[in-house]
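Student: Before we start, here is the structure in question, set down as structure tokens.
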Amino acid sequence: MSKEPEKLDFIRQIIADDLKNGTHETTVTRFPPEPNGYLHIGHAKAICLNFGIAGENASSGARCNLRFDDTNPEKEETEYVESIKEDVKWLGFDYGENLYFASDYFNYFYDCAVHLIKEGKAYIDEQTPDELKDTRGNITTPGKNSPNRNRPMEESLSLFQKMKAGEIAEGKAVLRAKIDMESPNMNMRDPILYRVMHVSHHRTGDTWKIYPMYDFAHTLEDAHEHVTHSLCTLEFELHRPLYEWVAENCPLPGKQPRQIEFSKLMLSHIVMGKRKLKEMVDEGIVAGWDDPRLPTLSGIRRLGYPPAAIRELCKTVGVTKFKGTTDIAVLEKCVRDELNKTAPRRMGVLRPLKVIITNFEAGHPDGVLYCEAKNNPEDPEAGTRQVPLIKEIYIEKEDFMIDAPKKYFRLKPDGAVRLRGGYIVLCTGYKEEAGEVTEVHVEYLPDTVGEPAPEGVKCKAAIHWVSAEHALEAEVRLYDRLFTEEAPDDTEGGFRECLNPHSLEVLEGVKLEPSFADVPPEFSCQLERIGYFTTDRYDHKKGEKIILNRTIALKDSWKK
């Protein structure tokens, strides 16, 4: 039986129909971030959608442009531009030569504005900002025409030229479209197209004293780049009539682009607004835009989230017009599933407890036994590695208990446990200082490497361990969710009231197996029985000490 073709989402269906009926010969999309902050995971959906569609239609010459909407120099910086370029590539997409900036088209925007003025479809308004606000009306009250609305075209054109020349102060004049002050759509009530800003731009310097508003520039950018399908999130649905008005009333170099809206990617337990992210950075709540606790792409990359997991999340949530919030556990499952397939296994002890195998030397005159350990049970081609076992090893403190409960199957007095990949050992004693266990003594049981326990020995668990002599020192940063509530923005008092005080715990004195000696930055692995970790992107070593960030625990500890 033949497999049914996969059903297309509504945007891909529109594009497929347009190609089939000849509306367009190819597809051109764009990802248009404003460089006023770092990208966050919410942007990943738009990136995957726009670049994904281009890739799927590559045979027809489709492409996706990376275009920076840099029309607000007060908030934009080159740092943000470079971080966005890097994030798009990290996520797995190549914009090639299709890199553009709104600032490349400033002359074109200006010419279009002049065209509207000459056509009597735009005018200079000299009302104060407060007057502009007061006369705009609201959703139940129509707006009022500006006293400047019917000024002569020549006068508006002269004033616009003075604005461009820097002869008019900020806040003293704006260019407005002449549409309909009684429109039920607030965006159509003579929207502002240009404002005066005596601010240096990160690319054009002090050349321009006026800058276009996003709704005006966005349409013209798309048209200039011959974008066929302008894919926007749902908050731009009410802006679409203005998008179309600008396209219909300005000279375009080709076909009019079509704007289509889709729902945002919203996740629980995080804050994604750029303004709020910037507040957390500026206030020192986090250590920077790439703090692993932030949902920025730079942050989750540093945390160790694989880009394939982010792409899988976007595929899982799909493309719809349905507004909703996805539980962050869905993202975390994507991360675990991907790392389970790809991350090599290693052993490390976070909170070391020394164990002495008292009879080890008698059976191992060389003082060492090399145990064979699988690099990834999910991937047979990953092979194995040799892990040294000697007389003194480290185990986790929690893997030994004096007064163990009935269902505690790890190491305890007179109890047996298997050292992962090695022998079964039997506890023969322990030392205490000030009520704390400082050392455990065991004996290994011969011929139990890879073999079942001898008759009469109960061994129901295997624990990880590290050779004391061969162990490498590490600092481990245990990252957790930054917020304790599902909807931080809805918390009484704001998101600051539900910050997780345990979102970061730093452990010193961690012991790692010797295979970590030459690992590079961003090396991801599973520390067996503990979780997934990655070496820090920027400071993966401090001298001889290795720096590991916990990407995610093996299981969801937040389940109720």
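The values are calculated or read from the model by the stated rules, or taken from the named source; none is laboratory data. In this text the structure is predicted, and so the values were computed from the model without any measurement. Heads up, the Cβs are rebuilt from the backbone with ideal geometry, glycines too, and the neighbour counts pull from every protein chain shown.
Student: Scan segment 338-356 and report the pairs whose first residue is without any contact (Cβ under 8 Å) to a residue 12 or more places away in the chain and whose second residue is part of a helix (DSSP H, G or I), with Cβ atoms within less than 6 Å and a gap of 6+ or a chain change.
Tutor: Listed by first residue and then by second, the contacts come to nothing, as the list is empty.
Student: Which condition does Lys321 not pass, out of (1) in a helix (DSSP H, G or I); (2) in contact with a strand residue (DSSP E or B) (Cβ under 8 Å, 6 or more places away or on another chain), if it passes all the others?
Tutor: For Lys321, the exception is condition (1).
Student: May I ask you to list the residues in segment 530-550 that are crowded, with 16+ Cβ neighbours inside 10 Å, touching a residue at least 24 places away in the same chain (Cβ under 8 Å), part of a loop (DSSP other than H, G, I, E, B) and more than 18 Å from the chain's Cα centre (by Cα)?
Tutor: Selection gives Ile530 alone.
Student: Further question on the same structure: Specify the residue that is nearest to the chain's Cα centre (by Cα); the eligible residues are those in segment 15-33 that are more than 17 Å from Glu225 (Cα to Cα) and crowded, with 16+ Cβ neighbours inside 10 Å.
Tutor: Ile15
Student: Among the residues of segment 518-527, which ones are surrounded by fewer than 19 Cβ atoms within 10 Å (Cβ to Cβ) and at pLDDT 95 or above?
Tutor: Within segment 518-527, Pro520, Pro521, Glu522 meet the criteria.
Student: Output yes when any residue across segment 90-98 is without any contact (Cβ under 8 Å) to a residue 40 or more places away in the chain and small (Gly, Ala, Ser), and no when none is.
Tutor: Yes.
Student: If you don't mind, there's one more thing I want to ask. Which members of segment 1-59 meet the condition of being of a type in the set (A, V, I, L, M, F, W, C) and assigned to a loop (DSSP other than H, G, I, E, B)? Before you say what the answer is, go through the steps one by one.
Tutor: Taking segment 1-59 first, the residues of a type in the set (A, V, I, L, M, F, W, C) are 1, 8, 10-11, 14-16, 19, 28, 31, 39, 41, 44, 46-49, 51, 53-54, 58.
Once the filter is applied, which keeps residues that are of a type in the set (A, V, I, L, M, F, W, C) and assigned to a loop (DSSP other than H, G, I, E, B), segment 1-59 yields Met1, Leu8, Leu39.
Student: Go through the residues of segment 333-349 one by one and say whether even a single one is of a type in the set (Val, Ile, Thr), out of contact with any helix residue (DSSP H, G or I) (no Cβ under 7 Å at 6 or more places or on another chain) and more than 19 Å from Ala416 (Cβ to Cβ).
Tutor: Filtering segment 333-349 down to residues of a type in the set (Val, Ile, Thr) leaves 335, 342, 349.
Within this subset, residues satisfying the condition of being out of contact with any helix residue (DSSP H, G or I) (no Cβ under 7 Å at 6 or more places or on another chain) are 342, 349.
This time we only want the ones that are more than 19 Å from Ala416 (Cβ to Cβ), so: 342, 349.
Yes: one or more hits.
Student: Hey, another quick one. Is it the case that segment 404-418 has a residue that's part of a helix (DSSP H, G or I), of a type in the set (A, V, I, L, M, F, W, C) and either closer than 25 Å to Leu512 by Cβ or outside the structural domain of His40 (by TED's automatic domain parsing) (or both)?
Tutor: No, segment 404-418 contains no residue that is part of a helix (DSSP H, G or I), of a type in the set (A, V, I, L, M, F, W, C) and either closer than 25 Å to Leu512 by Cβ or outside the structural domain of His40 (by TED's automatic domain parsing) (or both).
Student: Any idea which of Glu378, Glu451 is outside the structural domain of Thr358 (by TED's automatic domain parsing), assigned to a loop (DSSP other than H, G, I, E, B) and under 23 Å from Arg345 (Cβ atoms)?
Tutor: That would be Glu378, the only listed residue that is outside the structural domain of Thr358 (by TED's automatic domain parsing), assigned to a loop (DSSP other than H, G, I, E, B) and under 23 Å from Arg345 (Cβ atoms).
Student: Separate question: Given (1) within 24 Å of Arg477 (Cα to Cα); (2) without any contact (Cβ under 8 Å) to a residue 60 or more places away in the chain; (3) in contact with an Asp or Glu (Cβ under 9 Å, 6 or more places away or on another chain), identify the lone condition not met by Gly367.
Tutor: Single failed check for Gly367: (1).
Student: In addition: Go through segment 75-86 and count every residue that is crowded, with 20+ Cβ neighbours inside 10 Å and either assigned to a loop (DSSP other than H, G, I, E, B) or touching a His at 6+ places or on another chain (Cβ under 8 Å) (or both).
Tutor: Of the residues in segment 75-86, 1 are crowded, with 20+ Cβ neighbours inside 10 Å and either assigned to a loop (DSSP other than H, G, I, E, B) or touching a His at 6+ places or on another chain (Cβ under 8 Å) (or both).
Student: Condition test on Glu279, is it part of a helix (DSSP H, G or I), in the same structural domain as Thr491 (by TED's automatic domain parsing) and more than 30 Å from Glu338 (Cα to Cα)?
Tutor: Yes: the conditions hold for Glu279.
Student: Among the numbered conditions (1) under 26 Å from Val368 (Cβ atoms); (2) assigned to a strand (DSSP E or B), tell me where Val519 comes up short.
Tutor: For Val519, the failing item is (2).
Student: Between residues in segment 426-453 that are over 13 Å from Ile356 (Cα atoms) and residues that are buried (at least 17 other Cβ atoms within 10 Å of the Cβ) and small (Gly, Ala, Ser), which pairs lie under 7 Å by C-beta distance while being six or more apart or on different chains?
Tutor: Filtered contacts from segment 426-453: Val449/Gly422; Ala453/Ala416.
Student: Another one. Any idea which of Gly367, Gly363, Gly383, Gly324 is loosely packed, with under 15 Cβ neighbours inside 10 Å and touching a helix residue (DSSP H, G or I) at 6+ places or on another chain (Cβ under 7 Å)?
Tutor: Values: Gly363 fails: touching a helix residue (DSSP H, G or I) at 6+ places or on another chain (Cβ under 7 Å); Gly383 fails: touching a helix residue (DSSP H, G or I) at 6+ places or on another chain (Cβ under 7 Å); Gly324 fails: touching a helix residue (DSSP H, G or I) at 6+ places or on another chain (Cβ under 7 Å).
Exactly one residue qualifies, and that residue is Gly367.
Student: Another question, if that's okay. I'm trying to understand the selection: among the residues of segment 500-516, which are in contact (Cβ under 8 Å) with a residue 60 or more places away in the chain and in a loop (DSSP other than H, G, I, E, B)?
Tutor: Within segment 500-516, Ser503, Glu513 meet the criteria.
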